[in-house]
1. So which helices of the chain fit the span-like rule, where a helix is a whole DSSP H run, its Cα atoms reach 24 Å or more along the axis, and its mean Kyte-Doolittle is at least -1.0?
2. Send over a whole-number figure in Å² for the accessible area per residue of segment 3-90, probe 1.4 Å.
3. Using modelled amide H (1.01 Å from N, peptide plane; none on Pro or chain starts), what sits under 5 Å from the amide H of Ile8, excluding residues fewer than 5 places away?
4. I need the per residue convex hull volume for segment 21-92, using only the alpha carbons, in cubic angstrom as a whole number.
5. Which value, in debye to the nearest 20, describes the size of the charge dipole of segment 107-169 about its Cα centre when Lys and Arg Cβ atoms bear +1, Asp and Glu Cβ atoms bear -1, and nothing else is charged?
6. Measure off, as a whole percent, the carbon and sulfur share of the 1.4 Å-probe accessible area of segment 203-310, all protein chains present.
7. For segment 38-94, what relative contact order do you get, as a whole percent, if you take Cα pairs closer than 8 Å and at least 6 residues apart?
8. Can you compute the radius of gyration and Dmax for segment 173-232, using only the Cα atoms, both in Å?
Amino acid sequence: MATKLEYIWLDGYKPTQSLRSKTKIVKEFSGKVEDLENWSFDGSSTEQAPGGSSDCILKPVFTCPDPQRKNAYLVMCEVLDSKGQPHESNGRALIQDDDNDFWFGFEQEYFLWDPKTDKPLGFPAGGYPAPQGPYYCSVGANNAYGREIVEEHLDVCLEAGLNVEGINAEVAAGQWEFQIFAKGAKEAGDQIWVARYLLERIGESYGVAINWHCKPLGQLDWNGSGMHANFSNSLLRTANSEAKFKAVCEAFRPAVAECIAVYGADNDQRLTGKHETASIHDFSYGVSDRGASIRIPLYAVDHGWSGYLEDRRPNSAADPYKVAAVIIKTVKTAKV
Ligand code: ADP
Ligand code: MN
Ligand code: MN
Ligand code: MN
């Protein structure tokens with residue numbers, strides 16, 4: 001039976017890459033990623049190649065059913081250059097986690113955005129709703145805006161087999177979050193990107209855009225959007241040691257610039273020290289501290305200093321592949 005394969009990739013735009021996709025029809029597909037063929041696209045239209053030699057290669061790396069179309073699959077791809085080497089825009093290829101020892105749980109925040117008012121859902125044209133306070137985890141037509149989109153997204157993600165762990169309304173009006181967890185950094189990144197793709201496509205059918213910017217309402221008293229990266233490796237999961245946890249945290253101190261470089265565009269606007277963030281100029285960590293760069297969850301302390309850490313600095317528009325890559329690289333430098 002004719003099967004639709006939606007090949008999805010990240011373009012070469014800087015500083016923030018966007019999703020691109022196109023459909024390939026095949027006669028038959030087993031559902032296994034290793035049975036998918038490479039494909040190509042015009043890199044000169046995505047800032048990934050010059051017009052004179054424009055072909056870039058799509059290498060399928062993750063696939064799942066596409067619940068929104070009949071006989072269809074979503075196919076997340078890495079981009080290779082014309083010589084078959086990872087393209088410079090390919091953050092996934094930077095991840096050094098071949099044994100899937102690193103587990104990641106990303107908390108993806110975003111705004112549902114009305115293209116007509118150029119404001120979040122729930123913001124009246126030309127004005128502001130009541131100050132933030134009532135919106136977080138709220139219910140009711142005066143507080144929660146766009147729930148039908150969020151619910152449809154959750155159902156579609158679960159049907160696709162993505163490991164969504166939860167959703168919640170966030171602190172600003174029209175702001176929401178979903179969490180995805182995977183045992184393996186590449187898999188976590190793949191699932192976040194596919195979930196972002198599905199959300200964008202659902203938004204299309206409601207005429208609602210998804211705003212991934214980390215501070216879309218500027219410096220007014222409205223929260224920005226993060227993508228907290230919760231991570232662990234076997235060292236942290238079985239540490240049983242406060243000293244080991246602190247050694248991993250300390251490994252991030254000299255890596256601040258390298259981390260911030262891939263934690264998402266315009267993060268200076270978000271990491272101000274207000275709205276549950278640490279200043280972009282500081283580095284700090286602390287137990288249960290939501291004003292720190294890295295939070296040591298109470299969970300870890302309660303489990304005899306074993307568990308995971310939360311890097312609160314990555315923002316909503318960051319590439320989870322690049323975030324995971326730098327975290328893994330940094331944790332491996334810890335002096336334990
Ligand atoms: P909060 O909003 O309190 O920061 P959430 O419940 O939204 O926390 O997200 C916590 C995340 O931590 C979840 O995505 C969960 O999967 C993740 N997590 C839990 N345990 C681990 C672990 N051992 N390694 C990596 N991530 C983990
Ligand atoms: Mn959360
Ligand atoms: Mn949140
Ligand atoms: Mn968090």
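The values are calculated or read from the model by the stated rules, or taken from the named source; none is laboratory data. Every value quoted in this text rests on a predicted model; they were computed, and no experiment measured them. Counting neighbours? That spans all protein chains shown, and the Cβs are built from the backbone with ideal geometry, glycine included. Accessible surface areas use protein heavy atoms only, side chains included; no ligands, DNA or RNA. Shrake-Rupley method; radii C 1.70, N 1.55, O 1.52, S 1.80 Å.
1. Numbers: long enough: 185-206 (32 Å, -0.42).
Counting only whole DSSP H runs, the qualifying helices are 185-206.
2. Values: 4570 Å² over 88 residues.
Roughly 52 Å² per residue, with all protein chains present.
3. Amide H to amide H, under 5 Å and 5 or more residues apart or across chains, Ile8 pairs with Val75, Met76, Cys77.
4. Values: hull volume 7.6 nm³, N = 72.
For segment 21-92, the hull spanned by Cα atoms encloses 105 Å³ per residue.
5. On the way: 3 positive and 10 negative charges, 78 e Å.
The calculated dipole for segment 107-169 is roughly 380 debye.
6. On the way: 2320 of 4650 Å².
It is 50 percent, rounded to a whole number.
7. On the way: 91 pairs, mean separation 15.0, N = 57.
Rounded, it is 26 percent for segment 38-94.
8. 13.5, 38
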